[in-house]
Amino acid sequence: DTEVTQTPKHLVMGMTNKKSLKCEQHMGHRAMYWYKQKAKKPPELMFVYSYEKLSINESVPSRFSPECPNSSLLNLHLHALQPEDSALYLCASSLNSDHNEQFFGPGTRLTVL
Amino acid sequence: AQSVSQHNHHVILSEAASLELGCNYSYGGTVNLFWYVQYPGQHLQLLLKYFSGDPLVKGIKGFEAEFIKSKFSFNLRKPSVQWSDTAEYFCAVMTDSGGYQKVTFGTGTKLQVIP
């Protein structure tokens, strides 16, 4: 299995909702990442998990809360989002966080109303 | 902070034309370099990567890139493009950030190949 899967593919939520994005990989990778990609912009790093521990938080607002329950799963919990948070949220994984290419999932297209 | 520049935002070529997409980065330390491609409606895929060794690297689908350290560049090339190469291409740089590797993407170049 050489892919990163993400669910759901699309998500529409109101500003008062609580939702979660899920990411899964079974490649034995020990580093996992969340990126945000706005339309016509490059992916921007949000969080890095290395061996299930949060190692990088790129000053992301607290309304985004990552969680890594085990080495195969990565969640992103969403609460009280703003319309400007609408974007494609990409998950990626790599063998570890040291000099390795990242494999990307297809993303979750999030719309905040 | 590191940055990555892709000078061409939109490139239109006819099939069989040669391609060169520019990528420059600003970072004084050791870097690992990547080119990713995003086909319409698909997710990011790795085209090629440079970690060390031969500065001319070959990737999938006939793409290659050359790392020129003195110019802080990592340009992508293909001698003859096909319609199926229509996609968005992102250059990315991996640098050390407090002991962890951080990837910064360029703004992307949209390539349109006309049959």
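Throughout, read-outs are computed from the coordinates displayed, never taken from laboratory work. All figures in this text were calculated on a predicted structure; none of them were measured in a lab. Cβ placement follows ideal geometry from the backbone for every residue including glycine, while neighbour counts extend to all protein chains displayed.
Sorting A:Met27, B:Met94 from the fewest to the most surrounding beta carbons within 10 angstrom yields A:Met27, B:Met94. Loop-located trypsin sites (Lys or Arg not before Pro) in segment A:9-55 (DSSP state not H, G, I, E or B) with no more than 11 neighbouring Cβ atoms inside 10 Å: A:Lys9, A:Lys40. Prolate is the label for segment B:21-82, because the ratio a/c of its alpha-carbon gyration tensor axes (a ≥ b ≥ c) is 1.5 or higher and a/b is greater than b/c. Let me know the Kirkwood hydrodynamic radius for chain B, please, with Cα pairs as the basis and the value in Å to one decimal. Evaluated over chain B, this radius sits at 14.3 Å. Percent of alpha carbon pairs in the protein assembly as shown separated by more than 21 Å? Tail fraction, whole percent: 56. Phi angles across segment A:80-91 convert, under the Karplus curve 6.51 cos²θ - 1.76 cosθ + 1.60 with θ = phi - 60°, into 3J(HN,Hα) values of 6, 6, 10, x, 6, 7, 4, 5, 8, 9, 9, 10 Hz, Gly and Pro given as x. With a Förster radius of 22 Å applied to the beta-carbon distance between A:His79 and A:Lys38, the computed FRET efficiency rounds to 0.65. All alpha carbon pair distances within chain A were sorted into 5 Å bins beginning at 0; the resulting P(r) in whole percents reads 2, 13, 25, 26, 19, 10, 4, 1.
Calculated FRET efficiency, A:Thr16 to B:Phe51, Cβ-Cβ distance, R0 = 45 Å: about 0.45 to the nearest 0.05.
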